[in-house]
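What follows is a set of notes on a single structure, which appears directly below.
The values are calculated or read from the model by the stated rules, or taken from the named source; none is laboratory data. Keep in mind it's a predicted model, so treat the numbers as computed, not measured. Because the Cβ atoms are built from the backbone with ideal geometry, glycine has one as well, and the counts that use them run over all protein chains shown. Just the protein is used for accessible areas: all its heavy atoms, side chains included, with ligands, DNA and RNA removed. Shrake-Rupley method; radii C 1.70, N 1.55, O 1.52, S 1.80 Å.
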Amino acid sequence: MKSSARATLAILVAPALLLTACGGGSDPQNSKLTGANAKGQPDVNGDGKVVIGVLSIGDTHDKGFFQSFVDDANTIARSNGWEVRTIDNLKASDAKNQALNLCRQRVDLIAIGSGDLGSALDAAPEPTCKDTNWYLNGGAGQIKQTKYFNQSLDSVNQTLYTAGYAAGLELKEQNATKVGFITGPEEDYAKQAVKAFTKGAQAVVPNAEVISAYTGSFDDAAVNVESFNTMKEKGIKVVYPYLGGATDAVTKKANEAKPLIPALSSGTDRCMDTTVKYEISVVFAPGAFFAAALQRFQKGDLKMGEATRYVIGKDPVPSVKFCNPVGDQAEKITELMKSIGDETFDVDKAVDG
């Protein structure tokens, strides 16, 4: 699950998200772009109906990161009488072709769930797509902004450092030092996620050891559970399944451990879940950002060529919370997020030096 993909996650966003996300303004670095707001939003092509096309690299039934993207879209679409057409488990090499297919179907907006599928945007200048708007869940901003699309941005350092800090607080409560981090492909975004998480944990427990595993798959339950079992034998006391469809499978095994091994959720608020127990919710679901974009789209205010940056401690999402905090855990995590949001703490410096 990529930081640009985020990088695996279902929360319904309140209208307040739109109003508080950095003032609803564009990223300062991109504010000079002049992409025009298409006339007739949300019926961009003027055919009398509104159709949203969704492209996802992951399983949109994973009960987490990827599913949140379509869940929130479907909720808003139903309330407005729109249609949503979803293509999931999509290979990056096929992203442009599938985007062109959606354009041929005269969709009004193509929403791309992660930067992994950024090549879909190569279709935007094509004549076939001239009456289509574009939205990208851009994560850390690896995809260069152009006049053709709108995107949301967040920071892997902010979210993963805070998640690591929460894990560190949990280690401290147990007087323990080992935490497991399980994710998919060993790519740069995943390595950065592990690095930020480690720095956060060590800010609380200086000798904390993060035992990481790159399994190559966000969704393969068997291979990810196998990694968890190996980590359990090495003595981990907390685990972060930074995954997609395999997230719950790993967490169920953590729930069954004796004593229970606390787990962090991967993208959505799972504190109220009655089937799988999460101790900490790490919320950066793309559906939350997409929901805010769709609210702007509904109002005719989703401007192409602009980006909105979401900041932990300043905006409702991303966020990290303890489901059942002990002692001052809730106060500590809130204090950290506030310091990142008001820039009194330089999290990028803390992670990258």
Please state the equivalent ellipsoid semi-axes for region 47-170: what are the square roots of 5 times the Cα gyration tensor eigenvalues, largest first, in whole Å?
-> 28, 17, 13
Report the extension gain between S79 and N229 in nm, rounded to one decimal, defined as 0.36 nm multiplied by the number of residues separating them, less their alpha carbon distance.
-> 49.6 nm
Neighbourhood net charge (14 Å Cβ-Cβ; Lys/Arg +1, Asp/Glu -1) for V70 | -3
Translational diffusion coefficient (Stokes-Einstein; Kirkwood radius from C-alpha pairs) of region 272-353 at 37 °C, 0.692 mPa s, in µm²/s = 218 µm²/s
For labels at N175 and K349 in the simple 7 Å Cα→Cβ model, what's the distance in nm?
-> 3.6 nm
Using the heavy atoms of the protein chains and a 1.4 angstrom probe, tell me the accessible area per residue for the chain in square angstrom.
-> 40 Å²
Got a sec? Charge dipole of the chain, +1 on Cβ for Lys and Arg, -1 for Asp and Glu; which of G200, A350, P241 is way out at the positive end?
-> A350
Counting only protein chains, not ligands or nucleic acids, how are M304, M272 ordered by accessible area (probe 1.4 Å), most first?
-> M272, M304
Taking a 22 Å limit on the Cα-Cα distance, which of the listed pairs K195/K234; K144/K314; K252/K332; K63/K147 fall beyond it?
-> K144/K314; K252/K332; K63/K147
Just how far, in whole angstrom, is region 232-252 from region 142-189 if you go by their alpha carbon centroids?
-> 15 Å
Rank by packing, highest mean first: peptides 149-156, 335-342, 68-75, with packing defined as the count of other Cβ atoms within 10 Å averaged across residues.
-> 149-156, 68-75, 335-342
³J(HN,Hα) computed for each position of region 133-140 - Karplus, 6.51 cos²θ - 1.76 cosθ + 1.60, integer Hz, glycine/proline x = 8, 9, 9, 10, 7, x, x, 7
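Dipole magnitude of the chain about its Cα centre, charges +1 at Lys/Arg Cβ and -1 at Asp/Glu Cβ only, in debye to the nearest 20?
220 debye
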What does the charge count near G53 come to, summing +1 for each Lys or Arg and -1 for each Asp or Glu among other residues with Cβ under 9 Å from its Cβ?
-> 0
Using a Förster distance of 30 angstrom, determine the FRET efficiency expected from the C-beta separation of A330 and T275, and round it to 0.05.
-> 0.80
5 angstrom amide H check on R85, placed H, neighbours 5+ away | I52, G53, V54
Report in % the part of the accessible area of the chain that belongs to carbon and sulfur, leaving out ligands and nucleic acids; probe 1.4 Å.
-> 47 percent
Taking every DSSP beta bridge that has both residues in the chain, what percent is antiparallel when rounded to the nearest 5?
-> 10 percent
How do 257-267, 137-147 rank on mean C-beta neighbours within 10 Å, highest first?
-> 257-267, 137-147
proj_area_mean for region 34-106 (convex hull on C-alpha atoms), units nm², value 5.9 nm²
Could you sort out which of K91/K191; K232/K349; K232/K277; K199/K237 sit more than 25 Å apart by Cα distance in this structure?
-> K232/K349
Report, in whole Å, the centroid distance computed from the Cα atoms of region 272-342 and region 44-90.
-> 20 Å
Note, A249: beta-carbon cut-off 12 Å, +1 each Lys/Arg, -1 each Asp/Glu, net -3
Label selected from (i) 19.9; (ii) 16.3; (iii) 19.0, the criterion being mean projected area of the Cα convex hull in nm² as computed here | (ii)
Can you give the accessible area of R309 in Å² (nearest 10), computed on protein heavy atoms with a 1.4 Å probe?
-> 80 Å²
